[in-house]
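Note sheet for the following structure.
The values are calculated or read from the model by the stated rules, or taken from the named source; none is laboratory data. Keep in mind the model is a prediction, meaning the values are calculated, not measured. Glycine gets a Cβ as well: all are built from the backbone with ideal geometry, and neighbour counts include every protein chain shown.
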Amino acid sequence: MSTITNHMPTAELQALDAAHHMHPFTHGDGLNAKGARIITRARGVTLTDSEGNEILDAMGGLWCVNIGYGREELADVAARQMRELPFYNTFFQTSHVPAIALSAKLAELAPGDLNHIFYAGSGSEANDTNIRMVRTYWAQLGEPERNVIISRKNAYHGSSVGSGSLGGMSGMHAQGGMPIPDIHHIDQPNWYAEGGDTDPEAFGLERARQLEAKIEELGAHRVAAFIAEPVQGAGGVIVPPDSYWPEIQRICDKYGILLIADEVICGFGRTGKWFGSQTYNIRPDIMTIAKGLSSGYAPIGGSIVSDKVAQVMNACEFNHGYTYSGHPVSCAVALENLRILEEEKIVERVANDTGPYLQEKWRGLAEHPLVGEAKIVGMMGSIALTPDKVSRAKFASDPGTAGYICRERCFANKLVMRHVGDRMIISPPLVISKSEIDTLIERAWMSLDQAEQAIRADGLMQSAA
Ligand SMILES: *Cc1c(COP(=O)(O)O)cnc(C)c1O
């Protein structure tokens, strides 16, 4: 047994964490000075920390714990699979039952002719696969110069060098030599922040047509693919205007470029259908999956590939793969997760029952004086904090100052709600009950009240010029 247990005093755990553990997307010195919050266990939608606090996790871990915490079935399946076949590779003319069974299940669930799965250990890895796959696809078809991938500013596609380049996060591009060549970014369909006086639907069309303009600028013969999240997640749950996706689909069809839907968050029920592509009537050639695929119980990601693309890829040897591509334990856990999602009709509940309940309550937060808009699709939602509801003004303070104040109030009120800049976002487990939704909204409202008081007291209720 490890000598590190959950029963050490919090301060000792924090000291060891500060001494030896480097955290992702974290200012190390800042965290180490105050000490990390230690999460020790979880059930349903509720986390318990090392001090015994019970916290409602409105982020579903990191957008991933769709079936909620503590499902014994997944633990049992993992243990059984570890005993039977803990690992074998799929590189050298071999396969195994969990990878085969999961592939067949995903082909059944995925829309259209998306029937083939290339596995990865995470969403980032899967998007790295996609970069190489779409370029190899066109090279196989005799068009090796078609290597440009168009993405969007403020998109999130992962944190590896390739997927981080696809993403449009300026803070990431500023570190470590990104983006890699031949990735281009167009503007996001973020009407609230960037739409000015334009009508939202007209703005959606305008932003979609940037794709066409970029293709024309670069030359259609150079463009391999366009990648986007059906709803931007880490960018702040940016819900596109209804006009946006049909126009994007039209443009991809017109120029024959591949469409990659990054479903890492939107997949597996998050938007009220199995995939965000179904919610928005998108016909992707490739879908990136991870997160909700296993509800976060085991690391796994992948690319679901259309017949058209698979046929070309299967005609060559793709010199690509990960040791953990199709890891048997992760595949077995994912399959059991899909069984639960399906048999307990969790996606249907998001569409018809608890989803609409949450949406109505969430939209009510727009009444709060600090909130400029409240957006939600299925069970992913965001609110924009503003010093002036009428003009949708940004704060004069550094972006994220108000959001951070609000997030700290949420934590104090036993609610995990994340901030992206000055937007607050939620993505709760899809099994959240109506009474838990009531608690979520109560705590959110209370936190907004307290944040507003603090923001006023700090003299921060000022609009940017
Ligand atoms: C989280 C995320 C990824 C990256 O997945 P990891 O498993 O963290 O590598 C990719 N795309 C989207 C849309 C994501 O939200």
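Would you be able to say whether some residue in segment 430-444 is touching a Phe, Trp or Tyr at 6+ places or on another chain (Cβ under 6 Å) and surrounded by fewer than 17 Cβ atoms within 10 Å (Cβ to Cβ)?
Yes; the residues of segment 430-444 include at least one that is touching a Phe, Trp or Tyr at 6+ places or on another chain (Cβ under 6 Å) and surrounded by fewer than 17 Cβ atoms within 10 Å (Cβ to Cβ).
Working only within segment 139-157, note down all residues that are without any contact (Cβ under 8 Å) to a residue 60 or more places away in the chain and within 16 Å of the ligand (Cβ to nearest atom).
Lys153
If you check every pair at least six apart or on different chains, which have Cβ atoms under 8 Å apart with a residue in segment 43-66 that is on the phi > 0 side of the Ramachandran plot first and a residue that is hydroxyl-bearing (Ser, Thr, Tyr) and within 13 Å of the ligand (Cβ to nearest atom) second?
Final answer for the pair search is Gly60/Ser427; Trp63/Ser427.
Suppose we keep only residues that are near the ligand (Cβ under 10 Å from one of its atoms) and part of a loop (DSSP other than H, G, I, E, B) within segment 222-258. Which one would you say is nearest to Ala384 (Cα to Cα)?
Looking at residues that are near the ligand (Cβ under 10 Å from one of its atoms) and part of a loop (DSSP other than H, G, I, E, B), I get Gly235.
Do we find that Gln210 is assigned by TED's automatic domain parsing to the domain that holds Met133, modelled with pLDDT of 95 or more, over 27 Å from Trp274 (Cβ atoms) and among the polar types (S, T, N, Q) in this structure?
So Gln210 passes the test.
How many residues does segment 289-313 hold that are in a loop (DSSP other than H, G, I, E, B) and either among the hydrophobic types (A, V, I, L, M, F, W, C) or without any contact (Cβ under 8 Å) to a residue 12 or more places away in the chain (or both)?
Going through segment 289-313 one residue at a time, the tally reaches 3.
Any residue in segment 197-214 that is within 14 Å of Ile149 (Cβ to Cβ) and either more than 16 Å from the ligand (Cβ to nearest atom) or basic (Lys, Arg) (or both)?
Yes, there is a match, as at least one residue in segment 197-214 is within 14 Å of Ile149 (Cβ to Cβ) and either more than 16 Å from the ligand (Cβ to nearest atom) or basic (Lys, Arg) (or both).
Which of (1) closer than 20 Å to Ala334 by Cα; (2) outside the structural domain of Asp438 (by TED's automatic domain parsing); (3) in contact (Cβ under 8 Å) with a residue 60 or more places away in the chain is the odd one out, the single condition Glu108 does not satisfy?
For Glu108, the failing item is (3).
Pick out the one residue from Ala298, Ala261 that is within 11 Å of the ligand (Cβ to nearest atom) and closer than 19 Å to Tyr119 by Cβ.
Testing whether each residue is within 11 Å of the ligand (Cβ to nearest atom) and closer than 19 Å to Tyr119 by Cβ leaves just Ala261.
Are there any pairs with C-beta distances below 7 angstrom linking a residue in segment 111-138 that is in contact (Cβ under 8 Å) with a residue 12 or more places away in the chain and closer than 14 Å to Tyr156 by Cα to a residue that is more than 10 Å from the ligand (Cβ to nearest atom) and of a type in the set (Phe, Trp, Tyr), with the two at least 6 apart or on different chains, and if so which?
Close Cβ pairs satisfying both conditions: Glu125/Tyr322.
So for segment 273-284 (the condition being out of contact with any Cys (no Cβ under 6 Å at 6 or more places or on another chain), within 12 Å of the ligand (Cβ to nearest atom), touching a residue at least 24 places away in the same chain (Cβ under 8 Å) and within 18 Å of His157 (Cβ to Cβ)), does at least one residue qualify?
Checking segment 273-284: not a single residue is out of contact with any Cys (no Cβ under 6 Å at 6 or more places or on another chain), within 12 Å of the ligand (Cβ to nearest atom), touching a residue at least 24 places away in the same chain (Cβ under 8 Å) and within 18 Å of His157 (Cβ to Cβ).
Pairs only if they're at least six apart or on different chains, beta carbon under 7 angstrom, first in segment 217-243 and assigned by TED's automatic domain parsing to the domain that holds Glu143 and at positive phi, second assigned to a loop (DSSP other than H, G, I, E, B) and hydrophobic (A, V, I, L, M, F, W, C); list them, first residue then second.
Pairs that qualify, where the first residue is assigned by TED's automatic domain parsing to the domain that holds Glu143 and at positive phi and the partner is assigned to a loop (DSSP other than H, G, I, E, B) and hydrophobic (A, V, I, L, M, F, W, C), are Val237/Val231.
Residue pairs, Cβ under 9 Å, 6 or more apart or interchain, first in segment 10-29 and closer than 25 Å to Ser159 by Cβ, second among the acidic types (Asp, Glu). List them.
His23/Asp17
For segment 191-199, does any single residue satisfy the condition of being in contact with a strand residue (DSSP E or B) (Cβ under 6 Å, 6 or more places away or on another chain) and either aromatic (Phe, Trp, Tyr) or within 28 Å of Leu106 (Cβ to Cβ) (or both)?
yes
Looking at segment 4-14, is at least one residue in contact with a His (Cβ under 7 Å, 6 or more places away or on another chain) and either over 17 Å from Leu335 (Cα atoms) or assigned to a helix (DSSP H, G or I) (or both)?
The answer is no; no qualifying residue exists.
Which one of the conditions (1) within 16 Å of the ligand (Cβ to nearest atom); (2) at positive phi does Gly321 fail to meet, given that it meets all the rest?
(1)
Looking only at segment 236-271, count every residue that is among the hydroxyl-bearing types (Ser, Thr, Tyr) and buried (at least 22 other Cβ atoms within 10 Å of the Cβ) and tell me the total.
Of the residues in that region, 2 qualify.
Inside segment 67-98, can you point out the residues that are among the charged types (D, E, K, R) and part of a helix (DSSP H, G or I)?
Glu72, Glu73, Asp76, Arg80, Arg83, Glu84
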